[in-house]
1. Using Cα pairs closer than 8 Å and at least 6 residues apart in sequence, work out the relative contact order for the chain, in percent.
2. Once you charge only the Cβ atoms, +1 for Lys and Arg and -1 for Asp and Glu, what is the size of the charge dipole of the range 71-131 about its Cα centre, to the nearest 20 debye?
3. Accessible area, 1.4 Å probe, largest first: how do Asp153, Asp68 sort?
4. Hey, what angle do you get for helix 94-103 against the long axis of the chain, alpha-carbon based, 0 to 90 degrees rounded to 10?
5. If amide hydrogens are placed 1.01 Å from N in the peptide plane, which non-local residues have theirs closer than 5 Å to the one on Thr26?
6. With +1 on each Lys and Arg Cβ and -1 on each Asp and Glu Cβ, and nothing else charged, work out how big the dipole of the chain is about its Cα centre, in Debye to the nearest 20.
7. Out of Thr102, Ile185, Ile9, whose Cα points farthest toward the positive end of the dipole of the chain (charges: +1 Lys, Arg; -1 Asp, Glu; placed on Cβ)?
8. Which value, in Å² and to the nearest 10, is the accessible area of Glu46 when all protein chains are kept and the probe is 1.4 Å?
Amino acid sequence: MFKAKILLIGPTESGKTVLANFLSDTTETVGGEYSPTQGVRILEFESQNQGSGDKSTCDVELWDCAGDFKFESCWPALMKDSNGVVVVFNPDVPSHLKEIETWHAMFIAPQGLQDAQCLLISHHKPGSGDSDERLPLAAHLSRLPLIHSNLEDEPEEVRQAFHRYLGNIVTTLSESREREEMSIIT
């Protein structure tokens, strides 16, 4: 069984905590009073892999990171030993499209993560309407997998997309382990 550390990052008020709670089955409800995350919340759960070639389970640590830059000094510690990064943003907030470039530069680029280890979630808040329109993303961001999330209308599609992403992470971990084992043998 693999253990995956996934960072959930993005601008403030983009819906990271709502998604983290939903994906970890911490809560089934959507909405409520906004309360910004202070530093980081770590949610641990077991997940069935999809797309990794087997149906094994994976222990997941989902690190729900605060979107406030006052916690920037903690970010290097959060990134240590992470296996993937999910960038959440609200497409209805124009500044978020620019801000996710900064998040990419601070969390994804320094770790040298492969595209399959990253996921962009265009999170539509309840009542905002669902739009799967093409977003004007920077070139380096447009290479990353993108899903539109609407937990009111299509919660299971969001969950399935996240499980497929976890399958990619497990595949990456498995390949890395195999390379490591082969280097010991030779």
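The values are calculated or read from the model by the stated rules, or taken from the named source; none is laboratory data. This one's a predicted model, so the numbers in the text were calculated from it and none came from an experiment. Ideal geometry is used to build each Cβ from the backbone, glycine not excepted, and the neighbour counts take in all protein chains shown. Side chains are part of the model used for accessible areas, which takes the heavy atoms of the whole protein and leaves out ligands, DNA and RNA. Shrake-Rupley method; radii C 1.70, N 1.55, O 1.52, S 1.80 Å.
1. That works out to 26 percent.
2. On the way: 3 positive and 7 negative charges, 15 e Å.
With Lys and Arg at +1 and Asp and Glu at -1, about 80 debye.
3. These residues rank, largest area first, as Asp153, Asp68.
4. The helix 94-103 is inclined about 20 degrees to the chain.
5. Long-range HN contacts for Thr26: none found.
6. The calculated dipole for the chain is roughly 540 debye.
7. In the chain, that residue is Ile185.
8. Answer for Glu46: close to 120 Å² accessible.
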